[in-house]
Every structure is written in structure tokens, then in C-alpha cells.
Amino acid sequence: MALSDKPIGIFDSGLGGLTVVKAVLENMPNENIIYLGDSLNVPYGDKTSGQITEFAFNNTKFLLSKGVKAIAIACNTADATSRREILQCFDIPVVGVISPASERAARLTKNKKVGVIATATAVKSGAYERAVKSYLSDCQVFSEAAPALVPLIEAGKINKTDTETVDALSSYICPLIEKGIDTLVLGCTHYPLVLEIVKELFPDINIVCSGTSSLGALYDRLKGDNLLNVSGKKGEVRFYVTGEPSYFEKNGGLFLGTSIEGKVEKAVI
């Protein structure tokens with residue numbers, strides 16, 4: 001098998017990274033994908049940096065054992081805490097979600113005030129503030145931890161009639177609006193599922209989704225390393241989870257827009 005025909009490895013703590021899988025399928029349809037959801041340890045957002053790095057290393061080793069040509073970290077928390085260490089320890093192209101989203105936010109903001117909602121660990125790391133400022137040094141970055149969102153989204157509460165989700169979004173984003181932001185980063189790959197609610201609640205701000213923003217960076221890295229799949233064949237996806245496959249199968253369709261029941265395998269890590 002040619003190196004370019006090998007799959008892209010994508011990992012997340014659970015279901016959210018499927019939004020990245022969906023973006024790859026829609027925009028790079030020839031690419032094969034190995035997806036790993038570390039559902040046994042979800043959520044990462046309330047774990048220590050040391051724990052998250054251990055999980056990220058285990059995920060990387062699993063994907064490498066499947067012969068992937070590159071890895072996309074489809075988890076803001078893992079990207080914030082572990083990408084640098086992964087790059088130092090593994091000889092493989094690695095793309096995260098924070099830098100691409102930060103670059104886009106820096107380009108979009110007019111008043112140089114950017115807001116971020118993310119997990120508590122990602123916010124505490126300061127990764128978004130550093131990344132945005134690396135592209136726009138005098139930008140002000142305001143972050144809010146949003147611990148209630150991932151459980152609500154994984155429970156399927158993603159509609160504007162789900163008052164608990166609407167109230168949670170309002171409580172996290174309103175303080176950022178009060179600080180005068182004109183651009184908001186949804187700093188978790190789960191959050192695109194509530195994008196329409198955010199747009200309806202706050203129609204006058206720019207919104208950046210971290211997961212889909214990473215697509216361009218992934219494409220550019222593969223192209224630069226001559227790793228784009230040019231076989232002309234439609235790519236295949238294999239799904240693995242560290243936890244119970246049935247839950248992932250049942251809820252994965254929310255993120256992908258198509259059923260994956262019967263298509264998820266148990267990963268042994």
C-alpha cells in the first residue's frame with residue numbers, strides 16, 4: 001500500500017471528534033480514516049493534564065498500530081495539554097484544533113476581542129489565549145469554562161426547544177458578550193451540534209468551530225508532505241472505542257448525520 005493510501009488517524013475523548021470525521025468525509029472523500037473515541041475516559045475536561053497526556057499517548061500508539069499516515073487530535077483538551085509532547089515523541093504529522101481555530105478567529109475579529117468557550121482544563125491551560133495572540137498580538141481573549149455542554153450534547157439535547165441547553169449556552173456566552181467580543185470560538189468538537197442555537201441567540205457575532213477549522217490545516221499538512229490520497233477511490237472509515245460500543249453506535253449518528261450502528265469495534269489499549 002502506498003503511504004498516501006494509508007488512513008488518517010483521528011482521536012477524541014468520545015463522540016465530539018466525529019464532527020471532524022464528517023468534515024473530512026465531505027471535503028476529502030478519498031481519505032481513509034481510523035477513528036478512536038476514548039469513551040472509557042470521557043470527559044477529558046475534568047481530568048488532570050498528566051492523565052490527559054497519558055490518554056493521548058495511548059490513543060496515538062493505538063492509531064500508529066493501525067498504520068495511520070497522520071494524526072488529527074480532534075479534542076481541544078488533549079490538544080491544549082498534549083500535542084507538543086506527542087510531536088516530541090512520535091515521528092508522524094500531527095494536526096490539532098486550537099491553532100487553526102485561533103488563526104481564523106484572529107482573522108475575523110474587527111475589534112480585537114475574542115471569546116472562547118471550552119472545557120475547564122482547556123481554559124485553564126491558556127492555550128487559546130496564547131494561540132490567538134500568536135496571530136494577533138494585541139488581541140484580548142476572554143475564556144469561559146462550559147462544563148455542562150458536553151453531557152447535554154451527548155444526551156441529544158441539541159435543539160432550540162431544549163431549554164437546559166439554551167440556558168447553559170446563555171450563561172456561558174453572555175459574560176463574554178458583556179466584555180465586547182465580536183468573535184466567539186466554540187472550543188470543543190462537541191459544540192458544532194449546538195451551533196444553530198448559538199447563532200440564534202447571538203446573531204451579531206462571528207462564530208468559529210474548532211473542529212471544522214482544523215480541516216484546512218490537515219489538508220495543507222497532507223498536501224505539503226505528499227500524503228493526500230489521490231487513488232480516486234471513496235475512502236472508508238473504521239470506528240473504535242475504548243468503552244462500550246453500543247452507546248457510541250447509538251449516539252454517533254447525531255454527529256455524523258448517518259447511522260454507524262454495527263460499525264464500531266472495541267479498542268484494546
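Any read-out appearing in this document is the output of simple, stated calculations on the displayed coordinates, not a laboratory observation. Not measured: the values here are computed from a predicted model. When we count neighbours, we look across all protein chains shown, and the Cβ atoms used for this are built from the backbone with ideal geometry, even at glycine.
Remarks
- Taking a sphere under 13 Å around the Cβ of SER246 and counting the other residues whose Cβ falls inside, with K and R at +1 and D and E at -1, yields a net charge of -1.
- Between 0 and 90°, nearest 10: helix 98-108 axis offset from the chain longest Cα axis: 40 degrees
- With a cut-off of 12 Å between beta carbons, the residues surrounding VAL150 carry a summed charge of -2, where Lys and Arg count +1 and Asp and Glu -1.
- Neighbour-count order for THR109, THR53, THR77, fewest beta carbons within 10 angstrom listed first: THR53, THR109, THR77
- Beyond 26 Å in Cα-Cα separation lie the following of the pairs LYS69/LYS124; LYS6/LYS266; LYS61/LYS157: LYS69/LYS124; LYS61/LYS157.
- As a proxy for reagent exposure, LYS179, LYS69 were ordered by neighbouring Cβ count within 10 angstrom, fewest first; the result is LYS179, LYS69.
- In plain terms, the residue of LEU176, LEU64 with the fewest other Cβ atoms within 10 Å comes first and the most crowded comes last, giving LEU64, LEU176.
- Between 0 and 90°, nearest 10: helix 49-65 axis offset from the chain longest Cα axis: 30 degrees
- With the helix formula -39500 (n - 2.57) applied to DSSP H stretches of n ≥ 4, the chain reaches a computed 222 nm mean residue ellipticity of -14000 deg cm²/dmol.
- The share of Cα pairs per 10 Å bin across region 98-210, counted from zero up to the longest distance, runs 16, 52, 28, 4 percent.
- Loop-located trypsin sites (Lys or Arg not before Pro) in region 100-177 whose Cβ has at most 10 other Cβ within 10 Å (DSSP): LYS110
- Average Cα contact separation per residue, the chain, under 8 Å, 6 or more apart, as relative contact order %: 27 percent
- Computing FRET efficiency as 1/(1 + (r/R0)^6) for GLU196 and ILE269, where r is the C-beta to C-beta distance and R0 is 30 Å, gives about 0.30.
- In the chain, the longest principal axis of the Cα atoms and the axis of helix 18-27 are about 70 degrees apart.
- For region 19-37 versus region 113-160, the spacing of their alpha-carbon centroids is 24 Å.
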